[in-house]
Amino acid sequence: MTPADLSSPRSKAYTAPGVLGRIVSERTQDYAGASFTLGAARPRARHFHTALAAAGLQLIAEVKGASPSQGAIAKLDPAAAALSYVRGGASCLSVLTEPRHFDGSAEALRQVVAALGNLAVKVPVLRKDFVIHPKMLQEAADWGASAALLMVSILGPDVGEYLQLAHHLGLDALVEVHDEAELEVALAAGAEIIGVNNRDLTTLKIDLHNSPRMIAHARAAGYEGLLVAESGYAMPADISTIRRSADAVLVGSSLAGSGDLERAARAILQEPTQGEK
Ligand SMILES: O=P(O)(O)OC[C@@H](O)[C@@H](O)c1c[nH]c2ccccc12
């Protein structure tokens, strides 16, 4: 694919079933008039990839003020929340920028990037949104994110073009899948980092067996990239099914709603003692 092709997805209107479909159509309207011009390639720092590739299970902690399944979770100060998560051991941050259902904003992402910029260690930030337009990736790069979420449930096979665009803009991409068919698409697209969502975003139901099952599928198919288990983790025992197979775990609601973000982040990664398993 030539860089000129990367601007082609802009005119597409994506659709999806259920709750996901509603959010996709809202985001499509939000970006209907957005202009996007492909600039020169930006260098890829690969900070997000590097952080997740470190030895042991890594924590991506999410700044999440609300969700469609829970409604309001907590009133968070994004910068303070991010610093608490890092003190608790998070190696990456995820920041929702979707405004209507997740209480996210561009400002929240910018504030987190600024707060983390003062630290001695680089803590990369993921833009968490429902990407349906190339402009959203350009924004992520401009706002200082290291990575962006790309959902196969929305983009289908176009995820390959979006992946190339993310890389062109200097971003890593977390390519999210939920089932086998989506995993095939992510693998064919050449995803370097695949996230398996335990939540079915069309029904909002959680199945904690989904990540271990899909991670096993990916490895059996010969995938050697990074794998992230996503959603529904509330206590250390929940993590046991993916502790030795996933590279990272993405946790939002249970941390954000805990009242003590640092302690909750530290606790979730703790190996439970025998009796608790
Ligand atoms: O709050 P939880 O259950 O810990 O989940 C975090 C994260 O996985 C979830 O927010 C998420 C995963 N994929 C998404 C796509 C869009 C919006 C949100 C998400």
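Which lysines does LYS75 reach when only Cα atoms under 17 Å apart count, and residues fewer than 8 places away in its own chain are ignored? Answer for LYS75, where 17 Å is the Cα cut-off: LYS64, listed by chain and number.
Extending 7 Å from Cα along the Cβ direction at VAL121 and again at SER245 yields two label points whose distance is 2.7 nm. Annotation: segment 1-148 has a Kirkwood hydrodynamic radius of 16.4 angstrom, from the mean reciprocal C-alpha pair distance. Subtracting the Cα-Cα distance of GLU107 and ALA41 from their residue separation scaled by 0.36 nm leaves 21.2 nm. For LYS135, the aspartates and glutamates whose Cα falls under 20 Å of its own Cα, not counting residues fewer than eight places away in the same chain, are ASP5, GLU26, ASP30, GLU98, GLU107, ASP158, GLU161, ASP172, GLU176.
With only Cα atoms counted, segment 64-187 has Rg and Dmax values of 14.6, 42 Å. Based on alpha-carbon centroids, what's the gap between segment 159-212 and segment 234-258 in Å, whole number please? Rounded to whole Å, the Cα centres lie 18 Å apart. Taking one quarter of the surface of the C-alpha convex hull of segment 7-87 gives a mean projected area of 8.9 nm². Rounded to the nearest 20, the size of the Cβ-charge dipole of segment 100-209 about its Cα centre is 480 debye, with Lys and Arg at +1 and Asp and Glu at -1. This model, with +1 at the C-beta of Lys and Arg and -1 at the C-beta of Asp and Glu, gives the chain a dipole about its Cα centre of some 440 debye. Segment 193-244 has equivalent-ellipsoid semi-axes of 19, 14, 9 Å, by the square roots of 5 times the alpha carbon gyration tensor eigenvalues, sorted largest first. Whole-Hz Karplus values for segment 179-192 come out as 9, 4, 4, 5, 4, 4, 5, 5, 5, 5, 6, x, 4, 8 Hz, taken residue by residue from phi with 6.51 cos²θ - 1.76 cosθ + 1.60 and θ = phi - 60°; glycine and proline positions read x.
In the chain, if the dipole is taken from +1 on Lys/Arg beta carbons and -1 on Asp/Glu beta carbons about the Cα centre, which of ALA34, MET214, GLY65 is farthest to the positive end? About the Cα centre, the residue reaching furthest to the positive side is GLY65. Relative to the longest principal axis of the Cα atoms of the chain, the long axis of helix 78-87 makes an angle of roughly 50 degrees.
The numbers here are math on the coordinates, done by the rules we state, and not lab data. Quantities reported herein were computed from a predicted structural model and do not represent experimental measurements. For neighbour counting, all protein chains shown are included, and Cβ atoms are generated from backbone atoms with ideal geometry for every residue, glycine included.
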